[in-house]
Structures are given as C-alpha cells and as structure tokens.
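> This is the structure I want to talk about, given as structure tokens.
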Ligand code: ATP
C-alpha cells in the first residue's frame, strides 16, 4: 500500500452503485492507505440539491458502513457557505503533509473543470484521476486541454512519486446509473431498487426524500 490520500468528491444525492463500484475499483488500483468519499456541502455548481447535506451524509455513511477502508470526509458538510474544491484540498493538504493527494472525478465532472473556482490551482494541490463514465466523452475546452496535456501520465505509480500535478485516466466498470435518474424514478413513484444499496433506499423512504412514498 502507498502512503497517499485519495478523495472521491460528489454530491451523492443519493449515493448509488455507480459511485460505489467506481470508488472500489479506483481504490483497488491506486492501493493507497487513505481513501475518502467527500460529500459536497453546498455545491457551488448546482442551484439546489434534492436532499439536505445531513441526509446525503447519512446515506453515504450507511452505504459505506460495512467497508471501513472507504471512509467519509465530512469537512464540506460541516462547513457553512459554499465549498470550493480548491479550498477543501488546501485544508486536506495542511493535514496530510507532503504525501500524494489524488482527486478522483468522473469524466462528466472533469469536462466542467474550467467552471471550478481557481481551477488551475488544483494541480498544485493534487493529482487528478479521471474515471470513464457512460455517456460522457472527454470534451475539454482549450485552456483545460492544454493544462492537462503536459500533466498526463500513463502509470499509476508515477502519481506516488510526487505530491500533486499529474493527470491519469482510469477505466472503471461502466454502470449507467445516475442520481438524477434515481430521483426521477422516486418522484414518479417507481422503485429504483438494485441501483443503490437497500439500506440507502430504506433511509430515503423513511425520510420521504425526493418525493418518495
Ligand atoms: P447527478 O445525476 O445528480 O448529477 P451523479 O450520479 O452524477 O449525480 P455525483 O454525486 O454528481 O453523481 O457524482 C460524484 C462523482 O462520481 C462525479 O465525479 C461523477 O462523475 C462520478 N460518478 C457518478 N456516477 C458515476 C458512474 N455511474 N460511474 C462512474 N462515475 C460516476
């Protein structure tokens, strides 16, 4: 195992098997000592979330309860106001010191990188791992494409030699599951079972989230 911190950020509204399987596979491939899923507090890129942050956090904790190697980082949820990834990574950097930090993103999220607050600074703080996602092809605006070009590496071990600044693409099993689809199914009175853990679905129904009955 390599001494490094991997961060899988997301809204997790709600968490589903697309997230969980991708996290499991990336964690296996990176083989790092510290793998965290980090729910966004108040996502700056979305107008609203379906569920309050404390519900999203509770669902993530339920999903990961049987898997102590995958932990939840609560810092964005605990913070007031909008959370920017660059600030979140800076705060993690202060804690972990000079070990590699690896930010894991799906291709759809990576395509939107240019809209992130102080996005170029992300590379001073962390490596980027971009996971393939069904229905999302790489589509980078020129400024981002240029930045990624000279940072790209083809092996995971290179990431472990430096604290930040490289980009690696990783394949994961393609599961065309999305939180939007799950929320829509629930709002329409349908049953999204087997797309997400049963414990999470039971929580959604118990709290009447996303219009579920
Ligand atoms: P929404 O439908 O609400 O946009 P989502 O399903 O895309 O939600 P997010 O919480 O926004 O879920 O995703 C968090 C991270 O996980 C993002 O980097 C996203 O690209 C990645 N991700 C989400 N679903 C999958 C999937 N099925 N396969 C691989 N990566 C995924």
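The values are calculated or read from the model by the stated rules, or taken from the named source; none is laboratory data. Small disclaimer: the values here were computed from a predicted structure and weren't measured. Cβ sites come from the backbone with ideal geometry, for glycine too, and all protein chains shown count toward neighbours.
> Of all the residues that make up segment 3-22, how many are more than 8 Å from the ligand (Cβ to nearest atom) and closer than 22 Å to residue 55 by Cα?
Total meeting the criteria: 3.
> Given (1) within 19 Å of residue 106 (Cβ to Cβ); (2) loosely packed, with under 15 Cβ neighbours inside 10 Å, identify the lone condition not met by residue 143.
With respect to (1) within 19 Å of residue 106 (Cβ to Cβ); (2) loosely packed, with under 15 Cβ neighbours inside 10 Å, residue 143 is out only on (1).
> Quick check on this structure: which one of 62, 113, 122, 103 is within 14 Å of residue 8 (Cβ to Cβ) and either within 13 Å of the chain's Cα centre (by Cα) or in contact (Cβ under 8 Å) with a residue 24 or more places away in the chain (or both)?
Numbers: 62 fails: within 14 Å of residue 8 (Cβ to Cβ); 113 fails: within 14 Å of residue 8 (Cβ to Cβ); 122 fails: within 14 Å of residue 8 (Cβ to Cβ).
Checking each option against the conditions leaves just 103.
> Does residue 172 qualify as being more than 30 Å from residue 3 (Cα to Cα), in contact (Cβ under 8 Å) with a residue 60 or more places away in the chain, within 16 Å of the ligand (Cβ to nearest atom) and in contact with a helix residue (DSSP H, G or I) (Cβ under 6 Å, 6 or more places away or on another chain)?
No, not satisfied.
> Then there's this: Determine if segment 132-148 includes at least one residue that is more than 15 Å from the ligand (Cβ to nearest atom), assigned to a loop (DSSP other than H, G, I, E, B), touching a strand residue (DSSP E or B) at 6+ places or on another chain (Cβ under 7 Å) and modelled with pLDDT of 95 or more.
no
> Would you confirm, using the coordinates I've provided, whether residue 175 is buried (at least 19 other Cβ atoms within 10 Å of the Cβ), within 26 Å of residue 28 (Cβ to Cβ), modelled with pLDDT of 95 or more and out of contact with any strand residue (DSSP E or B) (no Cβ under 7 Å at 6 or more places or on another chain)?
When the stated conditions are applied, residue 175 does not pass them.
> Now for a different question. Name the single residue that is nearest to the chain's Cα centre (by Cα) among those in segment 179-200 being assigned to a helix (DSSP H, G or I) and touching a residue at least 60 places away in the same chain (Cβ under 8 Å).
Looking at the filtered set, the residue picked out is 179.
> Which numbered condition trips up residue 152, out of (1) out of contact with any strand residue (DSSP E or B) (no Cβ under 6 Å at 6 or more places or on another chain); (2) loosely packed, with under 15 Cβ neighbours inside 10 Å?
(1)
> So residue 123 ticks every box in (1) closer than 16 Å to residue 34 by Cβ; (2) away from the ligand (no atom under 16 Å from the Cβ) but one. Which box is left unticked?
(1)
> Among (1) under 29 Å from residue 52 (Cα atoms); (2) in contact with a helix residue (DSSP H, G or I) (Cβ under 6 Å, 6 or more places away or on another chain), where does residue 141 come up short?
Evaluating residue 141 over (1) under 29 Å from residue 52 (Cα atoms); (2) in contact with a helix residue (DSSP H, G or I) (Cβ under 6 Å, 6 or more places away or on another chain) leaves (1) as the failure.
> Of these, 210, 203, which one is in contact (Cβ under 8 Å) with a residue 40 or more places away in the chain and at positive phi?
Being in contact (Cβ under 8 Å) with a residue 40 or more places away in the chain and at positive phi holds for just one of 210, 203, which is 210.
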